[in-house]
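Here the structure comes first, spelled out in structure tokens, and everything after it is commentary.
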Amino acid sequence: MDETRYPDSLPQHVAIIMDGNGRWAQQRHRPRLFGHKAGADSVREAVETAREVGIRHLTLYAFSTENWQRPGLEVKGLMGLLKNYLQSELDNMKNNGIRLACFGQKDRLPDEVRGMLDQVIAETKLCSKLRLNLCLSYGSRAEMIGAMQEISRKCVSGELNPEEIDDQLFSDHLYSTGQPDPDLLIRTSGEQRLSNFLLWQLSYAELYFTDVPWPDFRRDQFLAALEEYAGRQRRFGKTGAQAEAACVSS
């Protein structure tokens with residue numbers, strides 16, 4: 001893909017469900033953590049590719065609320081990989097304008113991981129080229145319930161009138177507040193479901209599924225997904241002719 005060919009068709013925001021690390025490792029008769037380590041290299045390449053082509057927001061589903069049910073050794077290994085990733089990438093993020101944010105229940109993370117995460121978030125808060133959102137101990141239903149609870153408290157206290165509740169107000173109470181909704185969702189390794197990921201924010205996203213497992217999803221595979229996205233027409237309920245006319249006028 002020639003990145004200069006579709007400057008107006010790149011998504012502002014890409015979300016990725018990074019699936020297939022464990023199966024990739026098992027196919028090679030290696031422990032699952034071996035696959036997660038290889039997947040960390042794909043994370044680095046995805047972030048670098050997004051920054052290079054001009055994507056402004058990248059959201060990665062790194063660890064779900066359901067993932068706490070995995071074997072303890074695997075969870076411990078994943079937390080160690082996360083801490084190592086944050087430590088090793090901090091200088092790179094600052095040097096390349098990458099701002100880190102976290103979506104999810106940070107309080108459930110181990111203290112040393114949460115401390116490192118908070119440090120990277122604080123030290124990159126002025127970076128503005130790419131917003132990297134890591135979804136950690138994240139579940140979309142829990143996120144939406146939390147938003148509804150906060151809105152309800154404001155209604156009970158009189159701070160908010162129920163008639164004021166609309167799409168924007170609800171969005172403002174989600175982890176992703178202040179960021180555009182994803183334009184493109186990518187899921188690797190052949191699965192074709194959302195798995196409790198950004199259920200509100202993905203309402204109008206284009207969906208791209210690939211059989212490539214996450215450890216093998218590198219720059220070329222990312223660019224192929226962007227190229228397919230560039231060829232799609234996003235209508236948002238309008239006719240194709242209306243959508244095309246809107247693109248021409250803009």
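All of the numbers you see were taken from the coordinates with simple rules; none came from a lab. All of these numbers come straight from a predicted model, not from anything done at the bench. In this analysis, Cβ positions are derived from the backbone assuming ideal geometry, glycine residues included, and neighbour counts consider all displayed protein chains.
Structure above, values below:
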quantity: Ordering of 136-142, 182-188 by burial proxy (mean other Cβ atoms within 10 Å per residue, highest first); calculated: 182-188, 136-142
quantity: Over 24 Å between alpha carbons, listed pairs Lys125/Lys154; Lys83/Lys125; Lys37/Lys106; Lys37/Lys125; Lys37/Lys83; Lys76/Lys125; calculated: Lys125/Lys154; Lys37/Lys125; Lys76/Lys125
quantity: Charge sum, other residues only, whose C-beta stays under 12 Å from Gln201's C-beta, Lys/Arg counted +1 and Asp/Glu -1; calculated: -4
quantity: Linear extension gain, Glu159 paired with Lys125, 0.36 nm per residue minus alpha-carbon span; calculated: 9.3 nm
quantity: The chain: relative contact order as a whole-number percent, Cα under 8 Å and 6+ apart; calculated: 27
quantity: Footprinting exposure proxy for Cys127, Cys102, Cys135 (fewest neighbouring C-beta atoms within 10 Å first); calculated: Cys127, Cys102, Cys135
quantity: Mean separation of Cα contacts under 8 Å, 6 or more apart, over the residue count of the stretch 67-155: relative contact order %; calculated: 34
quantity: Total formal charge among the other residues, if their Cβ is under 15 angstrom from that of Ser157, Lys/Arg +1 and Asp/Glu -1; calculated: -1
quantity: Residue order, fewest to most surrounding Cβ atoms within 10 angstrom, among Trp214, Trp24, Trp68, Trp200; calculated: Trp68, Trp200, Trp24, Trp214
quantity: Derived scalar couplings ³J(HN,Hα) [the stretch 10-27; Karplus, 6.51 cos²θ - 1.76 cosθ + 1.60; whole Hz; x for Gly, Pro]; calculated: 5, x, 5, 9, 10, 10, 10, 8, 8, 10, x, 4, x, 5, 4, 5, 5, 5
quantity: Where N is the number of residues in the stretch 8-238, Cα Rg divided by 2.2 N^0.38 Å; calculated: 1.03
quantity: Reachable aspartates and glutamates from Lys129, criterion Cα separation under 20 angstrom, eight or more residues apart if same chain; calculated: Glu3, Asp8, Glu45, Glu48, Glu52, Glu89, Asp91, Asp118, Asp181, Asp183
